[in-house]
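Here's the structure, in structure tokens; my notes come after.
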Amino acid sequence: MNKLYIYINDCIRWSGGLNILIQLISSIKDNKNIELEIIYVKPSIFTKNLNYMRLLLRGGSYKVNKLIDNDLFLRFEDYLNQNNLKIIEYKYREFKRLKINDYIFPIMKINTSLKNKKLIGYIPDCQHLHLKELFLRRIIWYRNYQFKKVRKYCEKIISTSSSVKYDLINHYNFREEKIITLGFQPIRFEDLVEYSKPDHEDYFLIANQLWEHKNHIYAVESFYEFLLNNPDSKTKLLCTGYLQDHRNTSHGKELFKMIDEKNLKDKILFLGYLDRNEFLNYVIHAKALIQPTLFEGTPGGLSTADAVSYGVDVYLSDINVNREVDKGEIEFFDISDTSTLAKLLERPVNVNASQRIENSKNIADKSKSGYSELVEKNITVNDRSIVLDITSFIKWAGGTRLIEQFVELLNNDKDNNLYLIDRTKKNISYYLINLIKYRKSYKLQISQEERLKNDLVKKIKNKYPKVKIISKTGEIKQKFTIFPLLDFKLKYRNNSIYFIPDIGHKKLKENFNYLIRLRRYIQIRLILSLGKNVLVNSSYIEREIKSNYKSIKPKIFVAPYHGFIPEFEYKQIYTDFKNKFTLDKYFIVCNQFWIHKNHITVMKALKKLNQELESKVKLICTGFKIDYRGNDHIDTINRYIQINNLEEDVIFTDFLDRGELLNLINNSIALVQPSLYEGGPGGFSSADAIALNKNVIISNIEINKEIKNDDRFIFFEPLDENDLSEKMKIVLDHDMKNNFTDKSYKDSYVKFLKDMISDVYFSVR
């Protein structure tokens, strides 16, 4: 059973908000799959003072505004008592400390007590964007401020209409997948067993607060025109609701003055705020409900929903949001022409309350069940989570790329919640350890890590809003599997998947100082001795681990080769960045400048190739131009370029934005991957190139041979510049194209990950 906390603090200050609460509770209170808890958080002293100021600044009378708030609260309590429900009150500090694993809804404003909880926001409208003249500047600022906080802290957002959804996406950059649209919901949340006819026998009804945008003036003018055309009519126009507009206190005076001038005092009556039962009796006995509003967040407004739920005809202003009303007997009129409504008022209507109620029951019941299903669907809480650890993967670009791939692949997994955890702590030990590790390149490496981390976090927040970023696993209440872990953590040994990207410190000892080799040895030994599950990117690395580390205890998962790009990134490949660096044809190498990446062989091959060509081709090299391990091979590369006059042929871009990198790969002749050692077949750059259907000229090392049955890979001897030059010339001369069809790299990798996670999860249940 799922639990939903109904947070009433924000919705009991206007009748529409109260009706939303009652509709919500009424729809789901009998749902056997949902447990309700209705909560009210007593405001702190600070909040009380803010609310006091709020009421003063709203305009109009503070006493009247406060009275309205109190009246609505009492009405809500009365509804709860009738349905054997109760409010659970919390003190502010008590609620702030309360650990809640389930969703809280509806949230219209964010305060500190809510920030660390699972929230579903509710935005009834964006009226201040469309009717700015009705709002003070401070009110517009405050609404904008709160909407942005709702976007930031709420996992999902309820909008009442497609119009509101459009505003949230286009004005506030809400992600479309986060927005749940209710649409028109004519829910009957009480059964009138007894209904009595009001004193007035023949009348139309307007059930709105006396706010300026509700457009009573238009209705009065139309009704006056109707009476001129029908002088013997005894029909009246009745209006319910509070006679107060805090935004424009003169509006009511203007309206009543107009009524006096037209001698309509006996024909147009204002009933004020009515008890719910009394109000419904007026609704079901009306000839029709008139809704002349200039703006609504909910299609037709909640008065229209009430009317349709009881089978009453509705005459509705022809504005975009109202066109979303798709149930009941609805007629639209032009708000720029009073005669269109006046003509509607002349239509004959048979007022039979009992028949109306009976005929509309089916509409109301379907709406209630649909609302309940929608809520249930969106509050389902999974009982397990996947935690991706980014702590050690921000040290190199390929690491952040790996995390990004995992997020893309697992983001739509409905069976799991997805988290990112960053365990990096910027304390003295952190800086000392990194100072020892990186020595003379310390500052460059730290700045690189910060950049990679910031880019990754920004992208995740923007592109994957459902993914939560945390600093402690204690924030997760469900069972979870944590991966990929590069460093050993004893507390995660049972529910973790450790990741060993390679054992380059053994195969390429000369490229690592003693301290780095010792650290890597200890970490891998701990993982293999005490860990239970290990992920590697190739069968080659699996064999190397078993060969170099005896008595292997954990289960080793070997990831299949994958060549794909997250879907959203395909949008980034169409802008041509080529001219930023070169107007000529070029090959591209996308590697960090580590010695085993073997850039020097490519430059030797380029020199030989250009000696044989009439027009030169160029070489673009991307990546950070540092090697934290402290060797001087970057200086060697620069000297070779200078001696051989390759300054105009070899272009260094440094680290690129992801979109720019993909564009350069997409516009290249081919990608060259000359690496002498990799942990995964081809490295990440090859996967990107293949996803873009580019040829890859790749070193013929053992691990790369695991890429099979793909004729876009052209192999060369890794230290033979003549062989590489020949392969580059073949690709250039023949402009090699192929009819490659999707090999479902992505699908196979998704299946692998899910099977691996399930294997670990079920082994520790």
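Do we have Ile179 as closer than 29 Å to Leu294 by Cβ, in contact with a strand residue (DSSP E or B) (Cβ under 8 Å, 6 or more places away or on another chain) and surrounded by fewer than 17 Cβ atoms within 10 Å (Cβ to Cβ) here? Working first, answer last.
On the way: closer than 29 Å to Leu294 by Cβ: yes; in contact with a strand residue (DSSP E or B) (Cβ under 8 Å, 6 or more places away or on another chain): yes; surrounded by fewer than 17 Cβ atoms within 10 Å (Cβ to Cβ): no.
It is false that Ile179 is closer than 29 Å to Leu294 by Cβ, in contact with a strand residue (DSSP E or B) (Cβ under 8 Å, 6 or more places away or on another chain) and surrounded by fewer than 17 Cβ atoms within 10 Å (Cβ to Cβ).
Under 9 Å by Cβ, and 6 or more places apart or on different chains, what pairs join a residue from region 113-142 that is at negative phi with one that is of a type in the set (Lys, Arg) and part of a strand (DSSP E or B)?
Final answer for the pair search is Leu119/Lys156; Ile120/Lys156; Gly121/Lys156.
Here is a list: Lys463, Lys458, Lys477. Which entry is under 19 Å from the mean Cα position of the chain (by Cα) and at pLDDT below 85? First the steps, then the outcome.
Numbers: Lys458 fails: at pLDDT below 85; Lys477 fails: under 19 Å from the mean Cα position of the chain (by Cα).
The conditions single out Lys463.
Okay, residues lined up against (1) surrounded by fewer than 19 Cβ atoms within 10 Å (Cβ to Cβ); (2) more than 20 Å from Gly398 (Cβ to Cβ); (3) within 31 Å of the chain's Cα centre (by Cα):
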site: Ile469; (1), (2), (3): yes, yes, yes
site: Asp502; (1), (2), (3): no, no, no
site: Lys507; (1), (2), (3): yes, no, no
site: Asn511; (1), (2), (3): no, no, no
site: Leu515; (1), (2), (3): yes, yes, no
site: Tyr521; (1), (2), (3): yes, yes, no
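Considering only residues that are in a helix (DSSP H, G or I) and either touching a Cys at 6+ places or on another chain (Cβ under 8 Å) or among the charged types (D, E, K, R) (or both), which ones fall in region 665-683?
Taking region 665-683 as the starting set, the residues that turn out to be in a helix (DSSP H, G or I) are 665-666, 683.
Matches in region 665-683: Ile665 only.
Within region 356-391, how many residues turn out to be farther than 20 Å from Ile757 by Cα and in a loop (DSSP other than H, G, I, E, B)?
Residues of region 356-391 farther than 20 Å from Ile757 by Cα: 356-380.
Those left that are additionally in a loop (DSSP other than H, G, I, E, B): 380.
Residues that pass the stated criteria total 1.
How many residues are at pLDDT 85 or above and in a loop (DSSP other than H, G, I, E, B) if we restrict to region 614-638? Walk me through it before giving the result.
Taking region 614-638 as the starting set, the residues that turn out to be at pLDDT 85 or above are 616-622, 635-638.
If we keep only those that are in a loop (DSSP other than H, G, I, E, B) too, we end up with 616-617.
Residues that pass the stated criteria total 2.
Tyr561 passes all but one of (1) crowded, with 20+ Cβ neighbours inside 10 Å; (2) among the hydroxyl-bearing types (Ser, Thr, Tyr); (3) free of Cβ contacts under 8 Å to residues at least 12 places away in the same chain; which number fails?
Just one mismatch for Tyr561, condition (3).
Checking the conditions here, which among Leu238, Leu243, Leu205 is closer than 16 Å to Val314 by Cβ, free of Cβ contacts under 8 Å to residues at least 60 places away in the same chain and in contact with a helix residue (DSSP H, G or I) (Cβ under 7 Å, 6 or more places away or on another chain)? Give the steps one after another, and end with the answer.
Values: Leu243 fails: closer than 16 Å to Val314 by Cβ; Leu205 fails: free of Cβ contacts under 8 Å to residues at least 60 places away in the same chain.
It is Leu238.
Residues are listed down the side, and each one gets a yes or a no for (1) more than 30 Å from Pro106 (Cβ to Cβ); (2) touching a residue at least 60 places away in the same chain (Cβ under 8 Å); (3) not polar (S, T, N, Q):
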residue: Ser336; (1), (2), (3): yes, no, no
residue: Glu346; (1), (2), (3): yes, yes, yes
residue: Ala353; (1), (2), (3): yes, yes, yes
residue: Ile357; (1), (2), (3): no, yes, yes
residue: Asn378; (1), (2), (3): no, yes, no
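Of the residues Ser685, Ser668, Ser699, Ser675, which single one is surrounded by 19 or more Cβ atoms within 10 Å (Cβ to Cβ) and under 21 Å from Lys746 (Cβ atoms)?
Details: Ser668 fails: under 21 Å from Lys746 (Cβ atoms); Ser699 fails: under 21 Å from Lys746 (Cβ atoms); Ser675 fails: under 21 Å from Lys746 (Cβ atoms).
Criteria check complete, one pass: Ser685.
Quick one: in region 525-551, of everything that is in a helix (DSSP H, G or I) and charged (D, E, K, R), which residue is nearest to the chain's Cα centre (by Cα)? Outline the logic, then answer.
Just the residues of region 525-551 that are in a helix (DSSP H, G or I), to begin with: 525-530, 539-548.
When the remaining residues are screened for being charged (D, E, K, R), the result is 525, 542-544, 546.
Working: Arg525: 40, Glu542: 38, Arg543: 41, Glu544: 41, Lys546: 42 Å.
Selected residue: Glu542.
Conditions (1) under 21 Å from Glu278 (Cβ atoms); (2) crowded, with 16+ Cβ neighbours inside 10 Å; (3) modelled with pLDDT of 90 or more; (4) over 28 Å from the mean Cα position of the chain (by Cα), marked per residue:
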position	(1), (2), (3), (4)
Gly297	no, yes, no, no
Val308	yes, yes, yes, yes
Asp313	yes, yes, yes, yes
Asp326	no, no, no, yes
Ser336	no, no, yes, yes
Ala342	no, yes, yes, yes
Asn350	no, no, no, yes
Lys361	no, no, no, yes
Ser369	no, no, no, no
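The values are calculated or read from the model by the stated rules, or taken from the named source; none is laboratory data. The model shown is predicted, which means the values in this text are computed figures rather than measured ones. When we count neighbours, we look across all protein chains shown, and the Cβ atoms used for this are built from the backbone with ideal geometry, even at glycine.
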